[in-house]
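One structure is given here, and the rest of the page talks about it.
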Amino acid sequence: MDKLKRVLSGRDAEEPSGLAEVIDSTSLGWGTRVKGFIACFAIGCLCSILGSCLLWIPKKGLVLFAVFYTLGNISSIGSTMFLMGPVKQLKRMFEPTRLIATVVMLV
C-alpha cells in the first residue's frame, strides 16, 4: 500500500536506499542543534577557564593547562558543527582565505 501511495503522489517508485533512510533519521532539528551548540560551547569555555586557573599550580600546572585548554578549544570549535554540520564546517575551515589560520590552529 505504501508503494502505491508513493507512486500516486509522484514520488519515485523505487524504495529509498538504506543510506537515505539513515541520513533522514539522523538529521537534527534546529532546536536540538542550538542546544548542542550551547552545551558544547559552554563546556569549551569552562575547560579553557579551568585550564587557565590550573596554570598556577606548581610542577603540574603547565601540563594541566595544556590539556584543559586544548580540550576547551576543541569543544568550542566542535560546537559550531552543530549549527553548520560537519561537512560544511570542514569546507569552510579549508577555504583559501582561512587555510593559514586553520593550519596554525591545528598545529
Original post:
What list of ³J(HN,Hα) couplings, whole Hz, do you get for segment 50-55 from phi and the Karplus terms 6.51, -1.76, 1.60, once you set θ to phi - 60° and write x for glycine and proline?
Top reply: 4, x, 5, 5, 6, 4
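Which length gain, in nm to one decimal place, applies between VAL63 and LYS91 when the Cα-Cα distance is subtracted from 0.36 nm times their residue separation? Don't jump to the answer; show the numbers that get you there.
On the way: separation 28, 0.36 × 28 = 10.08 nm, distance 3.23 nm.
Taking VAL63 through LYS91 to full extension adds about 6.9 nm, to one decimal.
Normalised radius of gyration for segment 15-106, please: alpha carbon Rg relative to 2.2 N^0.38 Å, two decimal places. Don't skip to the end; give the middle numbers.
Numbers: Rg = 17.3 Å, N = 92, 2.2 N^0.38 = 12.3 Å.
Normalised by 2.2 N^0.38 Å, the Cα Rg of segment 15-106 equals 1.41.
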**OP:** Express in whole angstrom the spacing between the alpha-carbon centres of segment 70-107 and segment 34-64.
**Re:** 18
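Read-outs throughout are calculated quantities, based only on the coordinates presented, and are distinct from any laboratory measurement. Keep in mind that this is a model prediction, so the values were computed, not measured.
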